[in-house]
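As structure tokens, the structure follows; a few thoughts come after it.
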Amino acid sequence: MKFCSLTSGSKGNCSLIISEQSKILVDCGINLNTLEKFLAEENISAYKIDAIFVTHEHNDHIFGLDAFCKKYRPRVFVHKKGFLELAKKLYWTNHLLTPFEEDFRFKDLSVSTFVCSHDSSYCVGYRFDDGKNAVAQITDIGEVDNKIVNFCKNCRLVLLESNHDEFMLSNGDYPYLLKKRIAGRFGHLSNEKAAQTAVKFCSCGVRRLLLGHLSQNNNTPETAFFTACNELEKNGLQEGKDIKINVVKQFEKSEVFEVE
Ligand SMILES: [Zn+2]
Ligand SMILES: [Zn+2]
């Protein structure tokens, strides 16, 4: 499989996953022109995108969905519990929406979902397994426990939210209520919590961790990266040896990671 983050952050999210038989996107928070350009750079016709898997209805995950679906008509999967709120925000996409409830198979991929603690109607992370390898993407999650480790077990690559530095958020100039929302149970995952999860991932078969959905105001790629590296070191682990870590960015397409 291959995994590429086309854009990741509070201003938009879209990932591309390629298996032998499928080309899919997770979320479509990216404008049409940019998406078409990024796909062309990978020699993929936008008509060949088989499906888009939506995590939840927040704008940064769907603002490009209608434009893309109007033109290219892929299938769009969304969890049944997030379906209504998503449909209210869309027009051209609605007849393409396929709500699901249980884990299911799409072409050569087994698709499973993880419920995220987040202030949307319903928010899921995804795991895609092609029988040889698996990848997972989990963002927009206020808190994590060991369930996430089980869900990501043996995923060679995981994209995990590392939204904000706790100190930068609490000392920044966001209004009190917004700070409370972001840092709360139904908000976004801090660097510190992502770093603790990185430690746990080392012993469950995750080889590469992509830190994503970074805040533009309360984080920097360096802060996210070094917080994770420090936490690994504290636990006798080493970035590059026990797990590889990359930060995926808002205004830069990531490299295409070969998952093997
Ligand atoms: Zn969200
Ligand atoms: Zn988001």
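Conditions (1) of a type in the set (Val, Ile, Thr); (2) away from ligand 1 (no atom under 16 Å from the Cβ), marked per residue:
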site: LYS48; (1), (2): no, yes
site: VAL54; (1), (2): yes, no
site: GLU101; (1), (2): no, yes
site: LYS107; (1), (2): no, yes
site: SER117; (1), (2): no, no
site: SER121; (1), (2): no, no
site: ILE138; (1), (2): yes, no
Fill in: In region 93-123, residue farthest from the chain's Cα centre (by Cα) [restricted to those that are polar (S, T, N, Q) and more than 22 Å from GLU161 (Cα to Cα)]
ASN94
Worksheet item: Scanning for something closer than 17 Å to ASP129 by Cα and either among the aliphatic types (A, V, I, L, M) or in contact with a Cys (Cβ under 6 Å, 6 or more places away or on another chain) (or both), does region 27-50 turn up at least one residue?
Response: no
Fill in: region 63-82, subset within 16 Å of ligand 1 (Cβ to nearest atom) and within 13 Å of CYS123 (Cα to Cα), residue surrounded by the fewest Cβ atoms within 10 Å (Cβ to Cβ)
LYS81
Fill in: So THR197, is it at pLDDT 95 or above, touching a strand residue (DSSP E or B) at 6+ places or on another chain (Cβ under 9 Å) and over 23 Å from SER15 (Cα atoms)
no
Discussion item. When the residues of region 118-164 are narrowed to those that are away from ligand 2 (no atom under 16 Å from the Cβ) and touching a helix residue (DSSP H, G or I) at 6+ places or on another chain (Cβ under 7 Å), which ends up farthest from ILE62 (Cα to Cα)?
Written reply: VAL149
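Yes/no matrix, rows are residues, columns are (1) out of contact with any helix residue (DSSP H, G or I) (no Cβ under 9 Å at 6 or more places or on another chain); (2) at pLDDT below 95; (3) not assigned by TED's automatic domain parsing to the domain that holds SER162:
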site	(1), (2), (3)
LYS180	yes, no, no
VAL206	no, no, no
LEU211	no, no, no
SER215	no, no, no
THR223	no, no, no
THR227	no, no, no
GLU239	no, no, no
LYS244	yes, no, no
GLU260	yes, yes, yes
Worksheet item: Has region 42-53 got at least one residue that is surrounded by fewer than 22 Cβ atoms within 10 Å (Cβ to Cβ), part of a loop (DSSP other than H, G, I, E, B) and touching a residue at least 60 places away in the same chain (Cβ under 8 Å)?
Response: yes
Item to complete: Return the residue satisfying two criteria in turn: it lies in region 234-258 and is in contact with a strand residue (DSSP E or B) (Cβ under 8 Å, 6 or more places away or on another chain) and not in a loop (DSSP other than H, G, I, E, B), and of such residues it is nearest to GLY172 (Cα to Cα).
Response: VAL247
Worksheet item: Counting just the residues of region 146-188 that are assigned to a helix (DSSP H, G or I) and touching an Asp or Glu at 6+ places or on another chain (Cβ under 8 Å), which one comes out surrounded by the most Cβ atoms within 10 Å (Cβ to Cβ)?
Response: ALA183
Practice prompt. Search region 54-68 for residues that are touching a residue at least 60 places away in the same chain (Cβ under 8 Å) and part of a helix (DSSP H, G or I) and pair each with any residue that is more than 8 Å from ligand 2 (Cβ to nearest atom) and among the small types (Gly, Ala, Ser) when their beta-carbon atoms are under 9 Å apart and the residues are at least 6 apart or on different chains.
Written response: HIS61/GLY12; HIS61/SER120
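The values are calculated or read from the model by the stated rules, or taken from the named source; none is laboratory data. Bear in mind the structure is a predicted one, so any value in this text is a computation, not a measurement. Backbone-built Cβ (ideal geometry, glycine too); neighbour counts: all protein chains shown.
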